[in-house]
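Notes follow once the structure below has been shown.
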Amino acid sequence: MNFLLRLQNIGIRSSFAEHVNNKIKLSNIVAFFIILLVAVPFVFISVLNAPALTFIPIGGLVAMLLVWILNKTGAIYMARIFSANVPLFLAAWFTASLTSAESQPPLVMVLICLAFAILPFLVFDIREKSYLIFSATINFLVFISLGEVAGIFASGIDSSFITSGFLYKANFAISILLAYTIVFLLAYIGFQAEKKSRELIENNAEQNKELKESEERLKDNLKEVHKAQEEEKNRAWITEGLSRVNNLTRAHSDPEKLSKDVISEVVKYLGANQGAIYLVEQEEDVSETFMELKGAFAFGRRKVINDKVKPGEGLIGQCFLEKDMIFLTEVPENFVRIKSGLGDASPRNIVIMPLMNNESIEGIIEVASFEILPSFKVDYLKKLGESLATSFSLNKINANTKHLLELSQEQEEQMRSQAEELHQNMEELQATQEEMQRKSRETEEQNQQLQQQEEELRQNMEELSAQADEMERNMREMEAMQQEMKAREDILNESTVLSEADLSGRIVYVNDKLCEVSQYSRDEMIGKPHSLFRHPDTPKKLFELMWKTIKAGKVFRGIVKNKKKDGSVYWVDATIAPVLDDHNKPLKYIGVRYVIDREDIAQQLFDAQLKANGWD
């Protein structure tokens, strides 16, 4: 069994296609069965009955041995042509040598020739059609010429030994067995092909199933990546929006001017259509709290716009009482009308947000839009409310302090005037001392006036003392507010990488977070350019775009790959904004950066940034 297995594997190579290796195996098997069933038996038959024809079966034996040799040396197509055509050619020669011109070829030999004629279909694959057609055509021509060549090769040998008797029956059995063997091999080939097809179909179905599962996993991963990218984009959008509003708060000290600029910026940045800001005020005489409209953008609400709203009055007043956001998606028909030159329409969404600072409401911001604001824009409004509340609170404290200082200066001027007046009165008193006796009654009256003036002066001094106490109390409140602002700054330092640079890009300020992330000390960074952190993978064009943007007075934002002191990498989402003077010229640059912990997401955002700018 091992011998047959080694025999059929002669000439098999891993570099050949599978169907080629299968046909090589079949050519080896065909050669073996022809030797076993035909060549060897006919050698003995020829030796005993037709010695002159013995060379023909010996030639067949040699030809089949040559098939194995050719396969072994790599001449696989020549080997298969030998196994497909040589047996029929030699059988036809043997048959013609036993047949005279007047007689018919022996039936047994015709059957053997017929079996040999279909050998090309056994040893050649349909994909090798040129060899198959050639070999089959040769066999066809040889088979149909059996009767024609009988007289040419006739040797005068008596053919009765093969047309009757035992040899006739034995050869007849051999021819049938040979035909059965060939048919069986063809059927076996078909069975193997069908089995292979079923396996391929099953493997294909399994692969399709795995492919579908992989596709689902890929879709899930893409969804997660897109979600992370969208969240990161929204956070950057919120940060940039807050930065733009913070620039406005630093540029204005008047709450009314600040309100107008802020509501204009917020409505445009949100892509909304209308907006208004109400600030909390208090009547001095009755200590009554109310909200007063300080800034509006494209505002045309109801038939009359209320400049002052009391707590609990309308949605603005209700928001003040509840200290919570009001989010409307079903707006009454006549509640708000957004107008343009072509017509007007009602908005689909109204957001009313309290501006809260330590549970204390400093104001209300109201925004109307044709489109419902997404959640990240609502989050922007919430964070903006905290920032604006602090800014408006500081503005109020500064305004009150300024008012108290002006009042103190005014009262000081009054006291100086009164002191001068008292001095004049004392001079008049000395001038009239010589006439005191004569004008004692007048002197007593003047003394009474002087005492009255002294009493007024004392009262003024007491009022001035009370005002000084009030100023001291306001100063303490201001110090508490400064401490609160410092606490906010400390929180910002814990979560955000912050630095400031002069106009030439040299570092003038860094926070503790930057020292922690970059591994440089503050002394190592102050006075150095920001190229200290530049990673060689970050293209030079990105920094050229950054300088071009911030020098133009605009805000730059991008994903930057930086280098720590030890050479390792850290990724940041950087927002860099210029601080502008009254002429909109940069005074310095402030950079806010958020560290991106997931390197895979950072790399994807960085690559997308390079591709969007055409730098990949």
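Odds and ends about this structure:
- Counting only alpha carbon atoms, the long axis of helix 440-495 and the longest principal axis of the chain meet at about 10°.
- Difference of contour (0.36 nm per residue) and Cα-Cα distance, His19 to Phe44: 5.3 nm
- The alpha-carbon of Lys209 sits under 29 angstrom from the alpha-carbons of these lysines, leaving out residues fewer than 8 places away in its chain: Lys195, Lys196, Lys219, Lys223, Lys227.
- Cα-projected label distance for Glu427 with Gln452, points at 7 Å along beta-carbon direction, nm: 2.3 nm
- Pairwise FRET efficiency - Ile126 versus Asn208, Cβ, R0 = 35 Å, nearest 0.05: 0.85
- Residue pairs, from the table Lys257/Lys377; Lys257/Lys308; Lys486/Lys551; Lys513/Lys563, whose Cα atoms sit over 21 Å apart: Lys257/Lys377; Lys486/Lys551
- Annotation for Asn2 and Gln604: the two label points, set 7 Å from Cα along the Cα-Cβ direction, are 5.8 nm apart.
- Modelled FRET efficiency - R0 30 Å, Leu503 with Asp324, Cβ distances, 0.05 increments: 0.10
- Label-point separation in nm, Lys540 to Asn613, each point 7 Å along Cα→Cβ: 1.4 nm
- Computed over protein heavy atoms with a 1.4 Å probe, the carbon and sulfur contribution to the accessible area of region 56-110 reaches 76%.
- The listed peptides 518-527, 273-282, 118-127, ordered by packing as a protection proxy, come out as 273-282, 118-127, 518-527 (highest mean of other Cβ atoms within 10 Å first).
- Region 402-545, accessible area per residue, ligands and nucleic acids excluded (1.4 Å, Å²): 72 Å²
- Residue-span extension gain [Asn460 to Lys268] - 0.36 nm each, minus C-alpha spacing: 63.8 nm
- Förster radius 45 Å - calculated FRET efficiency between Lys383 and Glu524, Cβ distance, rounded to 0.05: 0.85
- Share of carbon and sulfur in the accessible area of region 397-474 stands at 44%, probe radius 1.4 Å.
- The chain: relative contact order as a whole-number percent, Cα under 8 Å and 6+ apart: 7 percent
The values are calculated or read from the model by the stated rules, or taken from the named source; none is laboratory data. Every value quoted in this text rests on a predicted model; they were computed, and no experiment measured them. For neighbour counting, all protein chains shown are included, and Cβ atoms are generated from backbone atoms with ideal geometry for every residue, glycine included. Each accessible area value is taken on the protein alone, full model and side chains, heavy atoms only, with ligands, DNA and RNA left out. Shrake-Rupley method; radii C 1.70, N 1.55, O 1.52, S 1.80 Å.
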